[in-house]
Amino acid sequence: MTESAEQLRSTAAQEPVAAEIDTNTPAISRVYDYLLGGKNNYDVDREACQAMIDAVAETPLLARANRSFVRRAVEYLVGEAGIKQIVDIGSGLPTAGNVHEIAQAIEPSVRVVYVDKDPIVLAYGRALLSTDDNTTVITADLRDPDGIFADPEVRRLIDTSEPFAVLLGGVMMHLEDHEDPEGVAARLRAQLPSGGYLVHCGCADPGDPRAKELNRIFMETSMGSRCFRPVAEQRVYFDGLDLIEPGFVAVNTWRPNADFPDPGNPAHAMLVGGIGRKP
Ligand SMILES: C[S@@+](CC[C@H](N)C(=O)[O-])C[C@H]1O[C@@H](n2cnc3c(N)ncnc32)[C@H](O)[C@@H]1O
């Protein structure tokens, strides 16, 4: 059953952090943390990762490639497009090279709001950001874009009349079809002023049987049943936006730099990304 926007908002507001850490079920944030080489994960997360790695050995490479795309996207937004405000939805646990660190290394005045539905992100994020007035973290749900933009912390740091960027790194893939990913993307685009940006990246099915196999394991480990949607189904998230060159493509072909891991590996076709600008 789909939760109403009001239910999603009140859930995010009421739940205490400690009570939320379920160590019996893999959590997307912690699985991704493990795949990136982090330490904020439990046995249940590591077992889920092992099943993925047994099926497709390049799974950690795909996680690193996803993170590399996020880094390059932020460098583009701040360094080339002059963006000074970022809402990073599905931000994940703190990792090496957090969005605010990448952005503020280029332009110290950049303001960043991290949004994740997993309260563990808030717990770790608070500690990391205790001395940074330009960056905050909230617990909220991608499925409720209006709730996100009504949040007092978002309103405090993001002036929605000025261009800002919405960053969707590896998060749209975790929405089910009945949660209406196209509609969610449309509601996020509606929040952007002219000159605002939408960034999206995540898994895709390019017709590689390994994508189907990984998708099956993602489903069995509660990561979502349609994590590997065909590229055409995801391109619509950018409807009405101008795609920045080279478009919505496999991430190893999106302005790769010297740090990109194993750029020639064919597994990269299972990971796509792009940036759209509202005219
Ligand atoms: C694969 S991680 C990606 C982290 C980071 N954005 C990146 O690309 O490096 C996905 C994150 O999205 C979060 N997430 C999944 N579904 C969400 C939802 N409906 N609303 C908000 N966050 C969500 C998970 O908790 C997890 O931390």
Taking H placed 1.01 Å from N in the peptide plane, check which residues at least 5 places from residue 170 or on another chain put their amide H under 5 Å from its amide H.
201, 202
Size of the dipole of the stretch 88-157 about the Cα centre, Lys and Arg at +1 and Asp and Glu at -1 on the beta carbon, nothing else charged, in debye to 20?
60
Under the Karplus relation 6.51 cos²θ - 1.76 cosθ + 1.60, θ = phi - 60°, what is the ordered set of whole-Hz ³J(HN,Hα) values for the stretch 266-279, x standing for Gly and Pro?
x, 4, 4, 4, 8, 9, 10, x, x, 10, x, 10, 6, x
Mind ranking 146-153, 60-67, 113-120 by how tightly packed they are, going by the mean number of other C-beta atoms within 10 angstrom, highest first?
113-120, 60-67, 146-153
For the stretch 118-189, shape from the Cα gyration tensor axes a ≥ b ≥ c, cut at a/c of 1.5 then a/b versus b/c, turns out oblate
Within the chain, helix-based [θ] at 222 nm, where runs of 4 or more DSSP H residues each add -39,500 (n - 2.57), nearest 500
-11000 deg cm²/dmol
What is the magnitude of the charge dipole of the chain about its Cα centre, with +1 placed on the Cβ of each Lys and Arg, -1 on the Cβ of each Asp and Glu, and no other charges, expressed in debye to the nearest 20?
540
Just check the stretch 23-82 against the gyration tensor rule for me: Cα atoms, a ≥ b ≥ c as the square roots of the eigenvalues, rounded for a/c under 1.5, and otherwise prolate or oblate depending on whether a/b exceeds b/c.
prolate
Name the residues whose placed amide hydrogens come within less than 5 Å of the amide hydrogen of residue 111, ignoring near sequence neighbours (fewer than 5 apart) on the same chain.
85, 86
Rg (one decimal) and Dmax (whole number) from the Cα set of the chain, in Å, equal 17.4, 48
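Highest first, please rank the peptides 131-141, 199-209 by the mean number of other Cβ atoms sitting within 10 Å of their residues. Mind dumping the intermediate values first?
Values: 131-141: 18.6, 199-209: 20.3.
Descending mean neighbour count gives 199-209, 131-141.
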When the charge dipole of the chain is computed with +1 on Lys and Arg Cβ and -1 on Asp and Glu Cβ about the Cα centre, the Cα farthest towards its positive end, among 125, 109, 136, belongs to 109
Neighbour-count order for 271, 128, fewest beta carbons within 10 angstrom listed first
128, 271
From the phi angles alone, apply the Karplus equation (6.51, -1.76, 1.60; θ = phi - 60°) to the stretch 202-213 and give each ³J(HN,Hα) in whole Hz, x where the residue is Gly or Pro.
x, 6, 8, 9, x, x, 7, x, 5, 5, 5, 5
Apply the Karplus curve 6.51 cos²θ - 1.76 cosθ + 1.60, θ = phi - 60°, to the phi angles in the stretch 241-246 and return the couplings in whole Hz, x for Gly and Pro.
9, 8, 6, 6, 4, x
Strictly over 29 Å apart at the Cα level, which of 212/278; 39/278; 117/278 would you flag in this model?
212/278; 39/278
Within the chain, the percent of DSSP beta bridges that are antiparallel, given to the nearest 5, stands at 40
Taking the beta-carbon count within 10 Å as an exposure proxy, list 100, 174 from fewest neighbours to most.
174, 100
Sort 218, 69, 248 so the one with the fewest other Cβ atoms within 10 Å of its own Cβ comes first.
248, 218, 69
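Where a number appears in this text, it was derived from the coordinates with a stated rule and is not lab data. Predicted model, so just to flag it, every value in this text is computed and none were measured. As a convention, Cβ positions derive from the backbone with ideal geometry for all residues, glycine included, and neighbour counts pool all protein chains shown.
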